[in-house]
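The values are calculated or read from the model by the stated rules, or taken from the named source; none is laboratory data. Quick caveat, the model's predicted, so the values are computed rather than measured. Quick reminder, even Gly has a Cβ in these numbers, built from the backbone with ideal geometry, and neighbours come from all protein chains shown. The accessibility values were calculated without ligands, DNA or RNA, using every heavy atom of the protein model including side chains. Shrake-Rupley method; radii C 1.70, N 1.55, O 1.52, S 1.80 Å.
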Amino acid sequence: MASINELQLAKELISFPTVTPVDAGIMKFLEKKLKTLGFKTKILEFKEKDSKPVKNLYARLGNKGPNFCYAGHLDVVPPGNLKDWTVNPFKPSVKKGHLIGRGANDMKSSIAAFVSAVSNYIKNNEELKGSISFLITGDEEGVAINGTKKVVEYLRKKKEKIDFCLVGEPTNPNKLGEMIKIGRRGSMTGKLSIMGIQGHVAYPQRANNPSTALVQILKEIKAIKFDKGTKDFQPTNLEITKINIDNSAENVIPGLANAAFNIRFNNKHSSTSIKKKINKIIKQISNRNKSKYKIDYRVSGEAFLTKPNSTTFMIRDVVKKITKINTKLSTTGGTSDARFIRKIAPCLEFGLVGKTMHKVDEAVSLSDLKKLTLIYTNILKNYFK
Ligand SMILES: [Zn+2]
């Protein structure tokens, strides 16, 4: 069997305009590719009220354990203004040693690299001492309701065992090899409304200005000292992201004041413990000001940390050896689908350099793509040794 070339496959994947959650035929395409390598595949389509249906793919080669899984997404963010691109974002082209196109970085090239790595590995190893699987979604960049979250529920129901999962998201800030992610902070957004009583500014006794309570609340929640950080995590941080008092008149006390804030928290807290802390402040200050309030929270993910195990260290050593860089195990950055997968398997994340992700002229350096394929191939070699 011939190996699958990572650059060729990356180009093919990028040419599908899979702006989230559009599939454009890409899952079927990848399914076919994996079938040629001997994988048993299943396309899983999930839908829910108020969201678009999404196709996902689970594929497995072998039926013995241990099962090493690669996870990633084939949806991409919109390209924005096409005029700002030097190439058509869905007609990938190579310029000055870089492959340019939407998804070149986040994260179609990484998926291509892993498929290529599998083909390299099985070409040289007739008998696989375990299984290799793919968990690929089309709903990571969007609402993430019908994607990995549901695939994980499906796998759990089917009692499918995954022994280790490598998520191929871009993890390196500047250079390939700098950073492996072993956990993520949690993220939660709060939307706060304070309801007062509208009135004439000259007669404040007849009104109740909600901005008074709002400003006090925001000052106090911003001042909370959550923690000083841990060995593995940055300190928990709260940012006020929106303050809105819609009022076009200068002589009117407004009746309503709104604000929003986002908290990135480490594993010293849960969304519930943080809500409790903040709600207490909101309640106290609102009561003091005789204002009513409404608070809504949206939790994108809880904080988690995968305690490094022998596979973690093996992967770090492979990355170190090939890139000749001192590789850090980190928990920085935004959320990823690892927040769902860690519920069924230990996972870590390692992929490309994320510098151009979501940007115009998103690109991957050809030498990085080659190195990443080599890294993934060596991970498989060592894992099944
Ligand atoms: Zn991504």
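Calculate how many DSSP beta bridges within the chain are antiparallel, expressed in % of all such bridges and rounded to the nearest 5. Walk me through the numbers on the way to the answer.
Details: 50 of 69 bridges.
Close to 70 percent.
Can you give the angle from 0 to 90° between the axis of helix 108-124 and the longest principal axis of the chain, with both taken from C-alpha atoms, to the nearest 10? For 108-124 against the chain, the angle is about 30 degrees.
Taking 0.36 nm per residue of sequence separation and removing the Cα-Cα distance, the residue 370/residue 82 pair yields an extension gain of 100.8 nm. Among 132, 351, 81, which residue has its Cα furthest toward the positive end of the charge dipole of the chain, with +1 on Lys/Arg Cβ and -1 on Asp/Glu Cβ? Most positive-ward Cα: 132. Note on residue 45 and residue 280: the extension gain reaches 80.4 nm, defined as 0.36 nm multiplied by sequence separation minus the Cα-Cα distance.
Using the heavy atoms of the protein chains and a 1.4 angstrom probe, tell me the accessible area per residue for the chain in square angstrom.
On the way: 18510 Å² over 385 residues.
Accessible area per residue, the chain: 48 Å².
Protein heavy-atom surface of the chain, 1.4 angstrom probe: 51% of the accessible area is carbon and sulfur, with nucleic acids and ligands not counted.
Applying both filters, DSSP loop and at most 15 other Cβ atoms within 10 Å, to the trypsin sites (Lys or Arg not before Pro) of the range 134-195 gives 158, 159, 161, 175. Note on the range 261-358: dipole from Cβ charges, positive end direction compared against 289, 267, 333; the farthest Cα belongs to 289.
Taking the range 1-106 on its own, what percent of its Cα-Cα pair distances exceed 17 Å? Can you show the working numbers first?
Working: 3389 of 5565 pairs.
Looking at the range 1-106, the distances longer than 17 Å represent 61 percent of pairs.
One Cα centroid belongs to the range 209-273, the other to the range 1-44; the line between them spans 44 Å.
Applying 1/(1 + (r/R0)^6) with r as the Cβ-Cβ distance of residue 326 and residue 237 and R0 = 30 angstrom yields a FRET efficiency of 0.65. Rounded to the nearest 10 degrees, what's the angle between the helix 271-288 long axis and the longest principal axis of the chain, both from Cα atoms, 0 to 90? With both axes taken from Cα atoms, the answer is about 10 degrees. Here's the picture: a label point sits 7 Å out from the Cα of residue 385 along the beta-carbon direction, and within the range 305-341 the residues with their amide nitrogen under 19 Å of it are 309-325, 327.
In a simple Cβ point-charge model (Lys, Arg +1; Asp, Glu -1; nothing else charged), the range 266-319 has a dipole of about 660 debye relative to its Cα centre. Relative to the longest principal axis of the Cα atoms of the chain, the long axis of helix 148-157 makes an angle of roughly 70 degrees. The magnitude of the dipole of the range 134-270, with charges of +1 and -1 set on the Cβ of Lys/Arg and Asp/Glu and taken from the Cα centre, is near 560 debye.
Calculate the dipole size of the chain relative to its Cα centre from +1 charges on Lys and Arg beta carbons and -1 charges on Asp and Glu beta carbons; express the result in debye to the nearest 20.
Working: 67 positive and 34 negative charges, 225 e Å.
My answer is approximately 1080 debye.
Based on the Kirkwood radius over alpha-carbon pairs, what value in µm²/s does the Stokes-Einstein equation return for the translational diffusion coefficient of the chain at 4 °C and 1.567 mPa s? So the translational diffusion coefficient is about 57 µm²/s.
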